[in-house]
Amino acid sequence: MSLVELDGVHKRFGNLEVLSDVNLSVEEGEIVAIIGRSGSGKSTMLRCINGLEPVQQGRITVDGTEVTTAKADLNDLRQRVGMVFQSYNLFPHLSVERNVTLALKVVRKTPLAEARDIARETIAKVGLADKLNAYPDELSGGQQQRVAIARSLAMGPKVMLFDEITSALDPELVGEVLRVLEALAADGMTMLLVTHEMKFAKTVGNRVVFMHHGRVHEAGDARETLEQPRTPELTSFLNAVLH
Ligand SMILES: Nc1ncnc2c1ncn2[C@@H]1O[C@H](COP(=O)(O)OP(=O)(O)O)[C@@H](O)[C@H]1O
Ligand SMILES: [Mg+2]
């Protein structure tokens with residue numbers, strides 16, 4: 001069984017169908033770049049996978065557990081599925097280390113000494129070992145986003161969801177965040193990432209999924225799909241973002 005599976009998923013907000021019959025299987029270790037115009041349903045898809053949004057039809061499973069059932073243990077799910085957003089939402093009054101240990105202590109009931117070991121390890125992984133005691137407002141946007149990634153990684157997720165995590169950053173800070181993602185990819189982390197960084201999608205992604213009007217309009221091998229789109233919609237999207 002695939003690590004993440006969406007099977008005939010429909011999601012509506014009132015009368016607005018935002019996801020229409022979405023089918024997607026993500027294997028362990030796969031890196032899937034999700035692209036598409038604003039409003040095409042990319043964020044909603046990630047939020048459904050993480051159990052933040054209920055669906056009206058279809059089934060989503062993560063690591064063999066169904067998300068789309070009233071019985072789903074969402075607390076448990078969110079430890080297995082990490083999610084990082086465009087806005088990093090760090091606690092401003094807590095140091096980098098405490099931002100990372102907090103969820104471990106509260107959600108996982110990890111003893112403090114162990115939580116600190118895990119925090120130090122994940123903070124080092126995102127290249128911020130020297131910033132353990134810094135506060136968010138002492139960090140650049142790129143560094144704050146790396147702390148948000150560390151916080152998520154500390155929970156030991158099986159899959160990471162990234163929603164346009166470099167979109168709010170100044171251009172010169174994008175690279176340091178993408179390098180963290182590359183390192184995670186090299187570690188074998190399974191990732192679904194919504195991104196406008198087409199070059200990154202092509203080099204690091206195994207697969208590209210193009211969302212259009214709430215559907216997976218085109219999907220395939222990352223390089224092939226981005227270099228030789230088959231549908232006019234993807235062709236015109238790529239022309240718009242690349243020029
Ligand atoms: N909570 C919500 N209530 C109503 N409509 C929503 C809500 N969230 C998203 N939408 C709508 O769903 C559609 C898809 O949104 P979204 O998934 O955010 O797209 P994307 O991430 O591709 O830009 C949009 O039309 C958006 O306005
Ligand atoms: Mg979005």
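Summary of computed values
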item: Residues that are farther than 24 Å from E17 by Cβ and open to solvent by less than 80 Å² (accessible area, probe 1.4 Å), drawn from the range 222-238; result: A222, T225, L226, P229, T235, L238
item: Pick from the range 30-47, criterion free of Cβ contacts under 8 Å to residues at least 40 places away in the same chain and of a type outside the set (S, T, Y), ranking: nearest to ligand 1 (Cβ to nearest atom); result: G39
item: Test: residue in the range 85-99 that is in contact with a helix residue (DSSP H, G or I) (Cβ under 7 Å, 6 or more places away or on another chain) and of a type in the set (K, R); result: no
item: The range 165-194, residues that are within 16 Å of ligand 1 (Cβ to nearest atom) and either part of a loop (DSSP other than H, G, I, E, B) or on the phi > 0 side of the Ramachandran plot (or both); result: I165, T166, S167, A168
item: Residue that is under 30 Å from E17 (Cα atoms) and buried (at least 18 other Cβ atoms within 10 Å of the Cβ), where the choices are V209, V147, V180; result: V209
item: All positions within the range 152-175 that are open to solvent by 40 Å² or more (accessible area, probe 1.4 Å), over 13 Å from the mean Cα position of the chain (by Cα) and closer than 30 Å to L112 by Cβ; result: G156
item: Residues that are within 12 Å of ligand 2 (Cβ to nearest atom) and in contact with a helix residue (DSSP H, G or I) (Cβ under 9 Å, 6 or more places away or on another chain), drawn from the range 3-39; result: V18, I34, I35, G36, R37
item: Pairs, first under 15 Å from I165 (Cα atoms) in the range 194-211, second at pLDDT 95 or above and of a type in the set (K, R), C-beta under 6 Å, six or more apart; result: V194/K42
item: Flag if F91 is open to solvent by 70 Å² or more (accessible area, probe 1.4 Å) and within 16 Å of ligand 2 (Cβ to nearest atom); result: no
item: Exclusive hit being open to solvent by 80 Å² or more (accessible area, probe 1.4 Å) and within 24 Å of E53 (Cα to Cα), set D117, D130, D73, D137; result: D73
item: Single residue of L3, L24 found to be under 21 Å from K202 (Cα atoms), of a type in the set (A, V, I, L, M), surrounded by fewer than 21 Cβ atoms within 10 Å (Cβ to Cβ) and modelled with pLDDT of 95 or more; result: L24
item: Among the candidates T235, T195, residue that is hydroxyl-bearing (S, T, Y) and within 16 Å of ligand 2 (Cβ to nearest atom); result: T195
item: Pick from the range 103-114, criterion without any contact (Cβ under 8 Å) to a residue 24 or more places away in the chain and in a loop (DSSP other than H, G, I, E, B), ranking: least open to solvent (accessible area, probe 1.4 Å); result: T110
item: Residues (touching a residue at least 60 places away in the same chain (Cβ under 8 Å) and acidic (D, E)) located in the range 159-188; result: D163, E164
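Yes or no, residue by residue, for (1) open to solvent by less than 10 Å² (accessible area, probe 1.4 Å); (2) modelled with pLDDT of 95 or more:
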residue	(1), (2)
V9	yes, yes
T44	no, yes
Q57	no, yes
R80	no, no
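The values are calculated or read from the model by the stated rules, or taken from the named source; none is laboratory data. Note that this is a predicted model, so its numbers are computed, not measured. Quick reminder, even Gly has a Cβ in these numbers, built from the backbone with ideal geometry, and neighbours come from all protein chains shown. Note: accessible area is taken over every heavy atom of the protein model, side chains too, but ligands, DNA and RNA are not part of it. Shrake-Rupley method; radii C 1.70, N 1.55, O 1.52, S 1.80 Å.
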